[in-house]
Amino acid sequence: MTDCEPSFCHRYRYAVVLAATLLLALAQPLLSELMGEERSFDLLFSILIAAVLLQVFEEKRLRRMALSLGVAALGGYWVGRALGDPIGRWLVVGALMTATSFFALALYSIIAGTFARHVSGDAVFGAICGYLLLGIIGSLLFFAVEIAWPGSFHLPAPDGGYHQTGELNRGVLTYFSFITLTTVGYGDITPATPLARTLTWILAVSGQFYLAILVAGLIGFKVSRAKD
């Protein structure tokens, strides 16, 4: 039985990460009503980082690098929140940027691992997981920009103009990230600074390239293997 367990976990490792990603993307806004936004985010964010560390990175070099980034991101975020303004604000920004690097490394590892093996159900989970991680990366970048420079994103006002009441929360910017990633573009949130606009169009283009290259590549690889 013990010989089967590692094989089973390895076979469905991307499914585990996908479940943790969906928890952060979908369950966090719901749990925020019960636990508060900060506590629910801290809990699910930590679960996602742990799942990525345990399931995604196989090479020791990448695992050590990812562990350093993950610990630095969580530690910096918690310490920054405890300290408060002004030092704490910039610690949180640095932690969010570190978390972005962590998930970017995970995304690279998922893409590499997906094409390194035959196309299986877990490879499809990996492709979906990578797409969702791309949206989470966007949300972390947007939140870091909004914390560093409040007013980088605007909400529509009832009179048809725009208003900004303090910093936008993570839930709103996560929504904006995935809407941008899918290029739906409702227009209810607007990037208001050059940096915010640049990050927005980069995320939109990245989402289209991801779908066109990775998903199409998986299908083509599966078709070519079926013909062999």
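The table that follows gives values for the structure above.
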read-out	value
5 angstrom amide H check on PHE153, placed H, neighbours 5+ away	ALA192
Computed label-point distance, nm, for sites ALA50 and ALA216 using a 7 Å Cα→Cβ extension	4.0 nm
FRET efficiency, 1/(1 + (r/R0)^6) with R0 30 Å, evaluated for ALA104 and GLU58 via beta carbons	0.95
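Just so you know, all these numbers are worked out from the coordinates, no wet-lab data involved. In this text the structure is predicted, and so the values were computed from the model without any measurement. A quick note on method: Cβ atoms are made from the backbone with ideal geometry, for glycine too, and the neighbour counts reach across all protein chains shown.
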